[in-house]
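Since the structure comes first, as structure tokens, the remarks are kept for the end.
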Amino acid sequence: MKRTRRQSAKAAPKTNGHAEAAENNNDDVSERIRATLAAAIGEGALKPGTKILEDAIADHFGVSRTVVRGALGVLESDHLLERKKNRGTFVAEPGIEEAKALFESRRKLEHVILELVMDRATTEQLETLEALTLEEEHIHRHGDEKSKTVLSGKFHIVLADLGGNAVLTEVLTKIVARLSLVMALYEEEKQDDCGADHHRQIVTALKAKDLAKAQHLMDHHLADIEGRVRLTEGQGDRHTFMAVLENFS
């Protein structure tokens, strides 16, 4: 009898180990799901108002719907998804006031980030950032729309990283992601301009230690982006309807 108990006691840690490994694997897959959907939203593949199919995600990643819902919950807290009662989960559709608040927050945050970059970034880091703007210009001339979208947002995140404040970088990343939904809903006319020349000018000002000029150039750059949207009632509905026409015509 004692021997059986000892054997059971030895077996218990093994069972717990399997459970822990399974839990860790679910966490890893949940993060992959979150990252996949976030990237698809940021790059415009998943449009505002698109319904999220939990069963399809669960089948694709080979996990339960519980794991899928964990990933969706994170994206909901980041305001990239919204759950509608008795209807399911959808890609978020930011309202006009939310869009205005996001633009305002980004302008303020980018000013602070430039101050930190001016104080903390090395010459080598700024040269690396400048190289990114040259890559942007090349993609702008020869690349596809997906590459342009990814690189345009990447510049601002890399710039924030140089400021050395991980919290500010995280906040900016989330704002940029939410603004991708704003642009998808309210952009008046898609422009073939990734802003690479603006980015290069900002880096030049940073290398010259001219903070005021860098902030002025950033304001001009962001104003150009904001100028592309029409924040009026019905504009979002118009974009959704136009997307349907494009898909079925």
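We did not get these values from a lab; they are worked out from the coordinates using the rules stated. All values derive from a computational prediction rather than experimental measurement. Using ideal geometry, Cβ is built from the backbone for each residue, glycine included, and neighbour counts are taken over all protein chains shown.
Neighbours of residue 61, meaning other residues whose beta-carbon lies under 14 angstrom from its beta-carbon, give a summed charge of -2 when Lys and Arg score +1 and Asp and Glu score -1.
In this simple spin-label approximation, residue 31 and residue 233 carry label points 7 Å from Cα along the Cα→Cβ vector, and these lie 4.5 nm apart. The ranking of 55, 224 by Cβ neighbour count inside 10 Å, starting from the fewest, reads 55, 224.
For 174, 51, 209, the sequence from fewest to most other C-beta atoms within 10 Å is 209, 51, 174. The largest-to-smallest principal axis extents of the Cα set in the range 25-163 are 52, 33, 31 Å. Peptides 136-142, 56-62, 200-206, 75-81 ranked from most to least packed, by the mean per-residue count of other Cβ atoms within 10 Å: 200-206, 75-81, 136-142, 56-62. All other residues whose Cβ lies under 12 angstrom from that of residue 125 are scored, Lys and Arg at +1 and Asp and Glu at -1, for a net of -2. Working from label points 7 Å from Cα in the Cα-to-Cβ sense, the residue 101 to residue 224 distance is 2.9 nm.
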